[in-house]
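Before any comments, here is the structure.
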Amino acid sequence: MATNIIVTIGKKTLNKNIIKQMIEAGSNIIRFNFSHANHKDALSLLQIIKDLEKDMQIKIPLIGDISGPEVRIFNYSEKTLSKGDQIVIYSASNEMSSDIIYTNLNLALHKISLGQIVRFMDGQLEGIVKNITEKSISVDLLNNAILRENAHLSIPGIEYQLDFLSEKDKNDILFCANNQFDSIALSFIKSHEEILSVKELLKTTLQPNLPIVAKFELIHAIHNVNKILQTADAFFVARGDLGLETDLVQVPIFQKYLIQLCKDAGKPVYIATQMAESMQNNPIPTRAEISDIANAYFDGADALTLSGETAIGNYPIEAVHWMRKILNYSEEISNNQSLFNSYHLDKLYKKHP
């Protein structure tokens, strides 16, 4: 199993039996996302991993994914929205009402324009800005969708005026370093200086050399890619936010470009976001997802990531099973160059009816 599978743990999979089954199905790295969970959940996961390592006699690496300067909306329950609906989003303040949607972004500090496109949840819901005040924006929705709680908000072309690390982020980093996490992933990196600031923070912990995984999500990071490559230990190509901050059609090109740069630098690179998205609700992947997984392997990725598929999906074990099956077959074909290069379809068919 040369290519690793990273599974993201959520409320549905924070369970010893389910995690064991995902490992047996072929996963070998666990990701804990601090954007959607707390230290109590993390301690529960750490105990489960400790127990499974003893039971299964294996090492189970754990990545702590730090939220970073992400923009979200909050203070509402999950809701079904329709094309043409309007939602009003306010900048968070010390005094907030229970019936208003807020964002952690100070809207007054950003040059948002009428007609500006606004995206939620990796672009699953899209809208256009119709009204602007000092404290709010009104957004007319362009499609139907279920707006999940604590949804990610993206305003393409806007450089967010947010501190790289919040106090929560710093506490999460310290927690990971002092509680036997194997690495931390840093979100929304723009420059290598931000990574260096985390290395300074780690010097005060039990793991001063804790490996850092930098996430390529912003165009600024791609502009500064060479210094970032020199500073971090491994990398995520996080296609969700990358596709929001750039033109969607550029994502596969960036993926290939970044994988090759990481390989040239001798650094591990992981691919994330929507690798088997349909399996949140279906027990088998689409043909496009099968091709995506196989092509990420052929591009040279060291690990592939299941996010919502295992964090909130209905078929987490099946998602791992299918990803491992696709990777195993891709590896088998890749290792048999004569078969791979000559396209002996009769042999392929007979071997895998």
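Data table
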item: Given Lys50/Lys267; Lys11/Lys203; Lys11/Lys40, the pairs whose alpha carbons are separated by over 24 Å; result: Lys50/Lys267; Lys11/Lys203
item: Compactness of region 9-59, expressed as Rg and Dmax over alpha-carbon positions, Å; result: 10.6, 30
item: Backbone HN-Hα couplings from phi across region 98-114 [Karplus 6.51/-1.76/1.60, Hz, Gly and Pro as x]; result: 6, 10, 10, 8, 10, 10, 6, 7, 7, 4, 5, 8, 10, 7, 8, 10, 4
item: Percentage relative contact order, the chain, counting C-alpha pairs under 8 Å, at least six apart; result: 18 percent
item: Counted charge near Gly266, where neighbours are those whose Cβ lies closer than 15 Å (Asp, Glu -1; Lys, Arg +1); result: -1
item: Reachable aspartates and glutamates from Lys111, criterion Cα separation under 13 angstrom, eight or more residues apart if same chain; result: Glu134, Glu159
item: Exposure of Lys54 as accessible area (Å², to 10), given a probe of 1.4 Å and all protein chains; result: 150 Å²
item: Label-to-label distance, nm, for residues given as Glu332 and Ile100 (7 Å Cα→Cβ offset); result: 6.0 nm
item: Shape of region 1-145, Cα gyration tensor, a/c cut at 1.5; result: prolate
item: Net charge contributed by nearby residues that have their C-beta within less than 14 Å of Thr231 (K/R +1, D/E -1); result: +1
item: Share of carbon and sulfur in the accessible heavy-atom surface of region 1-78 [1.4 Å probe, %]; result: 49 percent
item: Average accessible area per residue (Å²) across region 1-75 - probe 1.4 Å, nucleic acids and ligands excluded; result: 44 Å²
item: Percent of C-alpha pairs per 5 Å bin, region 87-152, short to long; result: 3, 17, 27, 28, 18, 6, 0
item: Cα gyration tensor shape for the chain, rounded if a/c is under 1.5, else prolate or oblate; result: prolate
item: Computed helical MRE - 222 nm, the chain, DSSP H runs ≥ 4 contributing -39500 (n - 2.57), nearest 500; result: -11500 deg cm²/dmol
item: Cα-projected label distance for Thr80 with Lys256, points at 7 Å along beta-carbon direction, nm; result: 4.2 nm
item: 5 angstrom amide H check on Thr286, placed H, neighbours 5+ away; result: Ser278
item: Cα gyration tensor category, rounded, prolate or oblate, for region 196-267 with a/c compared to 1.5; result: prolate
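The values are calculated or read from the model by the stated rules, or taken from the named source; none is laboratory data. Being a predicted model, the structure only gives us computed values, none of them experimental. Because the Cβ atoms are built from the backbone with ideal geometry, glycine has one as well, and the counts that use them run over all protein chains shown. Calculation scope for accessible area: heavy atoms of the full protein, side chains included, ligands and nucleic acids excluded. Shrake-Rupley method; radii C 1.70, N 1.55, O 1.52, S 1.80 Å.
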